[in-house]
Amino acid sequence: MTTDEVIQIFRDTGAVLEGHFILTSGLRSPVFLQKARVFMHADKTAVLCKALAEKIRREVPGTIDYVVGPAVGGIIPAYETSRHLGVPAIWVEREGGEFRLRRFEIEKGARVVIVEDIVTTGLSIRETITCLREIGAEVLAAACIVDRSAGKTNVGVPLVSLAQYEVPAYPADRLPPELAAIPAVKPGSRNL
């Protein structure tokens, strides 16, 4: 599946929004990918996650024991990707501001792949890696449907992305005038 095909699914579902957005990372952008509008369509989600699972199979060597999604955004793509990989899906969620594996137990040495929806700075993946390593898991790789950094983000493990779609993102104090003139909205899930 190509980047153009992935982004077309986002466009077809009305998930490519334009305006002034505060991203989960805190950066500002004129484009927001509202993946919830894609994930409400099981058929389109299945197409994307099947393609992501196939890419993970090609690029991640060895056995995968679990797919782990960071809550909230990673739960649906992790689940659907795990279905195509034939392994269990679990998720980490915030407790006291840090990711924890609250609802599940995994054995030390479990081989995991983290699956995220969209990556901009990779912070959620890095925090998930920290959590999983603290409990003794082996993090083989991370994967995402869309890498907004177009391969520039280092998450600390190999990153498999279905699409690389670079969209400008700016610190709040360095906005271009045309973006600064538009009121900002925060459509993401962190810090609600």
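Summary of values
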{"item": "Centroid-to-centroid separation of region 123-192 and region 1-44 [C-alpha atoms, Å]", "result": "13"}
{"item": "Simple label model, 7 Å out from Cα along Cβ direction - residue 11 to residue 182, nm", "result": "1.7"}
{"item": "Alpha-carbon Debye profile of region 1-42, log10 I(q)/I(0) at 0.14, 0.18, 0.24, 0.29 Å⁻¹", "result": "-0.34, -0.54, -0.84, -0.98"}
{"item": "Cβ-Cβ FRET estimate between residue 41 and residue 94, R0 fixed at 25 Å, reported to 0.05", "result": "0.40"}
{"item": "Nearby lysines by direct alpha-carbon distance to residue 186 (threshold 16 angstrom, same-chain neighbours under 8 apart not counted)", "result": "35"}
{"item": "FRET E, pair residue 31, residue 123, Förster distance 22 Å, beta-carbon r, rounded to 0.05", "result": "0.70"}
{"item": "Gain upon complete extension [residue 154, residue 175; 0.36 nm per residue less C-alpha separation]", "result": "5.2 nm"}
{"item": "Relative contact order (%) - criterion: Cα under 8 Å, at least six apart; region: the chain", "result": "25"}
{"item": "Inter-probe distance in nm under a simple model that places probes 7 Å from Cα toward Cβ, at residue 134 and residue 3", "result": "3.5"}
{"item": "Region 33-91 - percent relative contact order, Cα under 8 Å, separation 6 or more", "result": "34"}
{"item": "Solvent-accessible area, 1.4 Å probe, carbon plus sulfur percent, for region 5-115", "result": "50"}
{"item": "Per-residue HN-Hα couplings for region 26-31 [Karplus 6.51, -1.76, 1.60; θ = phi - 60°; Hz; x = Gly/Pro]", "result": "x, 5, 10, 8, x, 10"}
{"item": "In degrees, nearest ten, helix 3-12 long axis to first principal axis of the chain (Cα)", "result": "70"}
{"item": "Amide H within-cut-off set for residue 143, under 5 Å, with H built and near neighbours excluded", "result": "114, 115, 116, 160"}
{"item": "Acute angle (nearest 10 degrees) that the helix 123-134 long axis makes with the longest principal axis of the chain, alpha-carbon atoms", "result": "20"}
{"item": "Choice from 107, 98, 59 with maximal GNM fluctuation in the chain (Cα, 10 Å cutoff)", "result": "107"}
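The values are calculated or read from the model by the stated rules, or taken from the named source; none is laboratory data. Source: prediction; values computed, not measured. Cβ atoms come from the backbone with ideal geometry, glycine included; neighbour counts cover every protein chain shown. Please note that ligands, DNA and RNA were not included when accessible areas were found on the heavy atoms of the full protein model with its side chains. Shrake-Rupley method; radii C 1.70, N 1.55, O 1.52, S 1.80 Å.
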